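The structure appears below as structure tokens.
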There are 2 protein chains.
Amino acid sequence: MSSCVDFWFDFASTYSYVSAMRIEALAAANGTQVNWRPFLLGPAFTAMGWNDSPFNIYPAKGRYMWRDLERLCEHYHLPLRRPSRFPRNGSRPARIVCAHQGAPWIPNFVRAVFTAAFAEDQDIGEWDVVAKLLHNLGYDEKALITAGKSTESKELLRHQTEQAVALDIFGAPTFIVDGEMFWGNDRLEYALAWASR
Amino acid sequence: MSSCVDFWFDFASTYSYVSAMRIEALAAANGTQVNWRPFLLGPAFTAMGWNDSPFNIYPAKGRYMWRDLERLCEHYHLPLRRPSRFPRNGSRPARIVCAHQGAPWIPNFVRAVFTAAFAEDQDIGEWDVVAKLLHNLGYDEKALITAGKSTESKELLRHQTEQAVALDIFGAPTFIVDGEMFWGNDRLEYALAWASR
């Protein structure tokens, strides 16, 4: 029995928002530990020949996604305000997470960033927005932002993104349990069930 | 309260197989009527700039899909044998359905075609394979194949495919209830719940 799920997400990804808000309670009830693994979808999309989100490149798919997301958020009682620009750049909050992998405050921070992005239409690609979120959570934003801005955090995120592509990850959210991949918010429960096999 | 779900599918589509095998029992339990709407994904894919299945164009996505399909079929107790060629051409069985829209034997025929394609690796793009399936079901295969080969059935399928694109359908299976679209086998239960609102 595995007790770990690797949760691969991009802060710019709509369905990652839904999973990020749901995963901790479900995993706890399942006795499964969550490894929070932010990465950038950009390089995976570039490898597929896309220079933008597929939801922008394929308008019918995009129109459907926004409606589907509305219904899902209603279903899960999650707030939603469609971002005025999509996708946002998720690299800065992702660098903060990479610089503090495994820290106990990461889940709270991740949820705060996703909420800012998808419920409050804030530009999470800006350092000052990220600093404000850290401050509001009661964390030492100055030290955390300094670590996030370091070359080391940039390298960690680049490495984690390369690892995602090497793992055959092509979208987000993706859950990996014992080498078994599950793609999409719809598969979160399947991934946790796999962890309990 | 709506009592109808339009079930849009392509006989070549892997996730349409799963939904085609599940929908009738679930819809009956829900008191919902199923309108079986075969169409061809080809024109929708062409509109997105694809000249093949995205599962072939994007290898990582394809590898994932086949594994996900295996798990789903195990979950739903459906037989699966990966087709030696993918995608098959679903136009011929689709023409049979279009020529007999609403006939009571359509659900049985649809399931027989999908089973041949995804559990028995038969080439459902061949008229003689389709004729054999009809014969095995005890239907008058000569009359039905003649109707399927008619120009009228070809026009009906072309018209239905154009209608799918006009409805913004970009993949299969797609379920439409009261103008509300649900994409993917994962949304079948959501679509039926919508029909009961």
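Read-outs throughout are calculated quantities, based only on the coordinates presented, and are distinct from any laboratory measurement. Note that the structure is a prediction, hence the values are computed from the model and not measured. In this analysis, Cβ positions are derived from the backbone assuming ideal geometry, glycine residues included, and neighbour counts consider all displayed protein chains.
Residue-wise test of (1) away from every other protein chain (no Cβ under 14 Å); (2) surrounded by fewer than 18 Cβ atoms within 10 Å (Cβ to Cβ); (3) of a type outside the set (A, V, I, L, M, F, W, C).
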site	(1), (2), (3)
B:28	yes, yes, no
B:35	yes, yes, yes
B:41	no, no, no
B:46	no, yes, yes
B:63	no, yes, yes
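Residues that are within 11 Å of chain A (Cβ to nearest Cβ) and in contact (Cβ under 8 Å) with a residue 24 or more places away in the chain were ranked within region B:142-166; the one that is surrounded by the fewest Cβ atoms within 10 Å (Cβ to Cβ) is B:165. Residue B:96 satisfies every condition listed in (1) within 18 Å of residue B:36 (Cβ to Cβ); (2) part of a loop (DSSP other than H, G, I, E, B) except (2).
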